[in-house]
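Working notes for the structure below.
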Amino acid sequence: MRFFVYSIPMQLTPLNGMDYDQLLALCNAAGVSTAHADSLRAAIFRYYSTDIAAIADLPLRLRSYLREHTTLLEPACTATSEAADGTQKLLLRMADGKEVETVLIPGNGRLTQCISTQVGCAVGCTFCLTATAGLTRNLSTAEMVAEVMAGQRISERQVRNLVLMGMGEPLHNYDAMAQFVRIATDPKGMAFSPNRVTLSTSGLVPAMQRMIRDELPCNLAVSLNATTDAVRDSIMPINRKYPIALLLDTVRDYISVRGNKRVLIEYVLLAGINDTTADAERLCALLAGMGCTVNLLPFNTYPGLPFDRPADTAVSAFRAILVEAGIIAVVRESKGRDIAAACGQLKTEVMQRRKAGLQA
Ligand code: SAH
Ligand code: SF4
């Protein structure tokens, strides 16, 4: 016999941030059979219900308990934009008025959704628009689940992949993010395959080690973005704490513990900063024997950010050196460049329009 010891706080707890054990505890607290936790889980995470009263297959007693003690988060969509290539960007307003972006990206017949994990970001990378306003707050698990709900609602096709590559540093919001990943990959919940969920980090080494210990069910992507500590220090301040050698040692630990896991290395190409032949060669040496895939991200320009996108020929030449060394390297155009699809751009544009007194 199992006993569940979660206490249910008196304020309205969002159901869409609860894992299965918490749903079981709710059934216990409401005095109904825990068998109803299955229907509750399906209603929340499979059918993305937004109305507790409408979950018809739950006993009345449970529904009235849920209405009294819980809520279902559903952020308002305050702006959308759609690019010629089908990429859709949504700006979502949370209950406290804070806004984050989520992006739906079509490709290879599948839809990928890019999830934000924080409002803003504290890491301060100099090429990133999200960094410019600093960190406002962490998102809750329920708010991350609600992003998926909003994406699913607006799109006719089912989202197949989740990438935690939107606004924020996922490993700065470890607990809420980890609960989200577990809910997302619960086979009886949102049921994403762990191979189709990818977390991207700027390289917070202790939290990466925790991810290894916790066997977090998702893939790892690391934003390397430079091949020398001097350059990485200058564009990603986090490097001063966790320099390249330590970061890549941690990636090697992850690979050895997780077995055949292929880690994705992201590399933003900034003209004249990190895109030279010598950089490409150093990158090959740094990644030798690791079996990583490299995503090359030509810088997505935005007025005010002091960088340039390299010429297409420079991007191809950089990639060719990696391929020659046996590294799988893919150039990822920021999808929907006509709608400014790099993270933080829709939000910045809407803010500017609001400031100018125009309707968002
Ligand atoms: N904070 C996490 C995840 C969000 S950023 C991280 O840094 O990994 C997701 C990716 O977008 C990172 O690889 C980052 O380097 C990249 N990125 C940020 N701004 C960009 C820009 N202007 N152009 C191209 N890629 C950018
Ligand atoms: Fe934060 Fe990632 Fe942007 Fe760096 S690139 S500021 S870690 S969101």
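Among the residues making up region 184-220, those that are more than 15 Å from ligand 2 (Cβ to nearest atom) and in a helix (DSSP H, G or I) are 184, 185, 194, 195, 196, 206, 209, 210, 211, 212, 213, 214. All of (1) assigned to a loop (DSSP other than H, G, I, E, B); (2) within 16 Å of ligand 2 (Cβ to nearest atom) hold for residue 233 with one exception: (1). Residues considered: 50, 71. Of these, the only one that is surrounded by fewer than 19 Cβ atoms within 10 Å (Cβ to Cβ), in contact with a strand residue (DSSP E or B) (Cβ under 8 Å, 6 or more places away or on another chain) and of a type in the set (S, T, N, Q) is 71. Picking from residues in region 209-257 that are among the aliphatic types (A, V, I, L, M), within 21 Å of the chain's Cα centre (by Cα) and open to solvent by 10 Å² or more (accessible area, probe 1.4 Å), the one that is nearest to residue 121 (Cα to Cα) is 238.
Evaluation of residue 219 against the conditions (1) closer than 25 Å to residue 39 by Cβ; (2) at pLDDT 95 or above shows that the sole unmet condition is (1).
You will find that of 67, 93, the residue that is modelled with pLDDT of 90 or more and not assigned by TED's automatic domain parsing to the domain that holds residue 190 is 67 and no other. Candidates in region 258-297 are the residues that are in a loop (DSSP other than H, G, I, E, B) and in contact with a Cys (Cβ under 7 Å, 6 or more places away or on another chain); of these, the one that is nearest to residue 127 (Cα to Cα) is 263.
Can you pull out every residue in region 271-285 that is within 24 Å of residue 208 (Cβ to Cβ) and either charged (D, E, K, R) or crowded, with 22+ Cβ neighbours inside 10 Å (or both)? Break it down into steps so the answer makes sense when it comes.
In the first step, residues of region 271-285 are kept if they are within 24 Å of residue 208 (Cβ to Cβ); the result is 274, 279, 282-285.
Hits for region 271-285 are 274, 279, 282, 283.
Here are some conditions: (1) without any contact (Cβ under 8 Å) to a residue 40 or more places away in the chain; (2) over 14 Å from residue 328 (Cβ atoms). Residue 254 meets all but one. Which one does it not meet? (1) is the only condition that residue 254 fails. When residue 310 is tested against (1) away from ligand 2 (no atom under 16 Å from the Cβ); (2) open to solvent by 20 Å² or more (accessible area, probe 1.4 Å); (3) in a loop (DSSP other than H, G, I, E, B); (4) of a type outside the set (Gly, Ala, Ser), just one condition goes unmet, and that condition is (2).
Of the conditions (1) part of a loop (DSSP other than H, G, I, E, B); (2) at pLDDT 95 or above, residue 37 fails just one. Which one is it? Against the list (1) part of a loop (DSSP other than H, G, I, E, B); (2) at pLDDT 95 or above, residue 37 comes up short only on (1). With respect to (1) under 12 Å from the mean Cα position of the chain (by Cα); (2) open to solvent by 20 Å² or more (accessible area, probe 1.4 Å); (3) β-branched (Val, Ile, Thr), the lone exception for residue 197 is condition (2).
The condition (being free of Cβ contacts under 8 Å to residues at least 60 places away in the same chain and closer than 22 Å to residue 169 by Cβ) is satisfied by just one residue among 293, 276, 301: 293. Could you grab me the full set of residues in region 145-156 that are open to solvent by 10 Å² or more (accessible area, probe 1.4 Å), farther than 11 Å from residue 105 by Cα and not acidic (Asp, Glu)? Listed by number, the residues that qualify are 150, 152, 153, 154. With the structure loaded, tell me whether residue 301 is β-branched (Val, Ile, Thr), open to solvent by 10 Å² or more (accessible area, probe 1.4 Å) and within 16 Å of ligand 2 (Cβ to nearest atom) or whether it fails that test. For residue 301, the condition - β-branched (Val, Ile, Thr), open to solvent by 10 Å² or more (accessible area, probe 1.4 Å) and within 16 Å of ligand 2 (Cβ to nearest atom) - is met.
Restricting the search to region 197-233, which residues are more than 30 Å from residue 160 (Cβ to Cβ) and more than 14 Å from ligand 1 (Cβ to nearest atom)? Correct list: 206, 227, 228, 229, 230, 233. Filtering region 97-115 to residues that are open to solvent by less than 10 Å² (accessible area, probe 1.4 Å) and within 14 Å of ligand 1 (Cβ to nearest atom) leaves 100, 101, 102, 113, 115. Is there a residue being of a type outside the set (Lys, Arg) and at pLDDT 65 or above anywhere in region 336-343? So far as region 336-343 goes, no, none of its residues is of a type outside the set (Lys, Arg) and at pLDDT 65 or above. Scanning region 149-179 for residues that are of a type outside the set (Val, Ile, Thr), in a helix (DSSP H, G or I) and away from ligand 1 (no atom under 16 Å from the Cβ) yields 149, 150, 151, 152, 153, 175, 179.
Mind checking which strands (runs of 3 or more DSSP E) fall wholly inside region 84-148 and carry at least 2 residues that are over 18 Å from residue 174 (Cβ atoms)? Don't jump to the end; show me each part of the working.
Details: elements: 88-93, 99-107, 110-114, 118-120, 135-138.
Filter on region 84-148 gives 88-93, 99-107, 110-114.
Of all residues in region 116-140, count the ones that are more than 12 Å from ligand 2 (Cβ to nearest atom) and either within 21 Å of residue 197 (Cβ to Cβ) or buried (at least 23 other Cβ atoms within 10 Å of the Cβ) (or both). Total satisfying the criteria: 3.
The values are calculated or read from the model by the stated rules, or taken from the named source; none is laboratory data. Here the structure is a predicted model, which means the values were calculated and not measured. For neighbour counting, all protein chains shown are included, and Cβ atoms are generated from backbone atoms with ideal geometry for every residue, glycine included. Heavy atoms of the whole protein, side chains included, go into the accessibility calculation; ligands, DNA and RNA do not. Shrake-Rupley method; radii C 1.70, N 1.55, O 1.52, S 1.80 Å.
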